[in-house]
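> Okay, handing you the structure first.
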Amino acid sequence: MLYTAQDISERVSSLARQISDDYRDSRPILIGVQRGFICFMADLIRQIAVPLDIDFMTISYYSGSNASMVRITKDMDLEVAGRDVLLVEDIVDTGITLNYLLNHLRSKNPASLKVCTLLDRKVRRLIDIKIDYVGFELPDEFVVGYGLDYHEEYRNLPFIGIPGIKETPDNKPC
Ligand code: 5GP
Ligand code: MG
Ligand code: MG
């Protein structure tokens, strides 16, 4: 066990307060990245006190020993141009996925573009990216639960924990 349901709930409330304050004159679009975002986004939006829109993107991510690849398999539906966009991620690890998504969203000309991630594992970062809202800074351990999976298992755990497997570049799941 790394973060209990209570730890997560307190942190999510505090992020939601900050976001409500920063977007008090706006109606942001929150974009979730399937599928790990599910618990975080569901809890977060219920505590945000400003009107908002939600949308989703689905990506496929492959990381092998000598290449990483991100591909969008379902783009968002809402029009982004001129809107304040907040990208909601479960975890930022190397930053490869986030960098790809930010470039994609920037090309749609939003009025502003910010990032909120529940988990940030800075020690493995390959691309330096500014993250506006961070739930927890993770140690160098692969984690599951609260939406995050290991080969599609454990997403429904109400807490975040370390599953007792060691992730390597070759077995890193999507
Ligand atoms: P990136 O390396 O591009 O920053 O992260 C890519 C994706 O790898 C994340 O969106 C997430 O789906 C997955 N990932 C990275 N670290 C972890 C982890 O500790 N646990 C789980 N379940 N997925 C992870
Ligand atoms: Mg993700
Ligand atoms: Mg996964």
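The values are calculated or read from the model by the stated rules, or taken from the named source; none is laboratory data. Values in this document were obtained by computation on a predicted structure and should not be read as measured data. Every residue, glycine as well, gets a Cβ built from its backbone with ideal geometry; the counts of neighbours run over all protein chains shown. Remember, those area values only see protein heavy atoms, side chains included, never the ligands or the DNA or RNA. Shrake-Rupley method; radii C 1.70, N 1.55, O 1.52, S 1.80 Å.
> Restricted to the range 27-45, and to residues that are in contact with a Ser or Thr (Cβ under 8 Å, 6 or more places away or on another chain) and closer than 23 Å to A81 by Cβ, which residue is surrounded by the fewest Cβ atoms within 10 Å (Cβ to Cβ)? Steps first, answer last, please.
Initially, the range 27-45 is screened for residues in contact with a Ser or Thr (Cβ under 8 Å, 6 or more places away or on another chain), giving 33-35, 43.
Add one more test, that the residue is closer than 23 Å to A81 by Cβ, and what stays is 33-34.
Details: V33: 22, Q34: 14.
If we take residues in the range 27-45 being in contact with a Ser or Thr (Cβ under 8 Å, 6 or more places away or on another chain) and closer than 23 Å to A81 by Cβ, then Q34 is surrounded by the fewest Cβ atoms within 10 Å (Cβ to Cβ).
> I would also like to ask the following. Among what's in the range 143-158 and is near ligand 1 (Cβ under 9 Å from one of its atoms) and open to solvent by 30 Å² or more (accessible area, probe 1.4 Å), pick the residue that is nearest to I19 (Cα to Cα).
Of the residues in the range 143-158, the ones near ligand 1 (Cβ under 9 Å from one of its atoms) are 143-145, 147-150, 154-155.
Filter again for open to solvent by 30 Å² or more (accessible area, probe 1.4 Å), leaving 150, 154-155.
On the way: Y150: 30, Y154: 28, R155: 25 Å.
Ranking the candidates gives R155 first.
Per-residue answers, yes or no, for (1) within 14 Å of ligand 2 (Cβ to nearest atom); (2) open to solvent by less than 70 Å² (accessible area, probe 1.4 Å); (3) aliphatic (A, V, I, L, M):
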position: G64; (1), (2), (3): no, yes, no
position: M69; (1), (2), (3): no, no, yes
position: M76; (1), (2), (3): no, yes, yes
position: L86; (1), (2), (3): no, yes, yes
position: G95; (1), (2), (3): yes, yes, no
position: N109; (1), (2), (3): no, no, no
position: R121; (1), (2), (3): yes, yes, no
position: I127; (1), (2), (3): no, yes, yes
position: I131; (1), (2), (3): yes, yes, yes
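Residues are listed down the side, and each one gets a yes or a no for (1) in a strand (DSSP E or B); (2) farther than 27 Å from L126 by Cβ:
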| residue | (1), (2) |
| --- | --- |
| D7 | no, yes |
| S20 | no, yes |
| S26 | no, yes |
| S65 | no, no |
| E89 | yes, no |
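> With respect to the numbered conditions (1) open to solvent by less than 50 Å² (accessible area, probe 1.4 Å); (2) farther than 23 Å from S14 by Cα; (3) within 17 Å of the chain's Cα centre (by Cα), which one is the sole condition not fulfilled by I48?
Single failed check for I48: (2).
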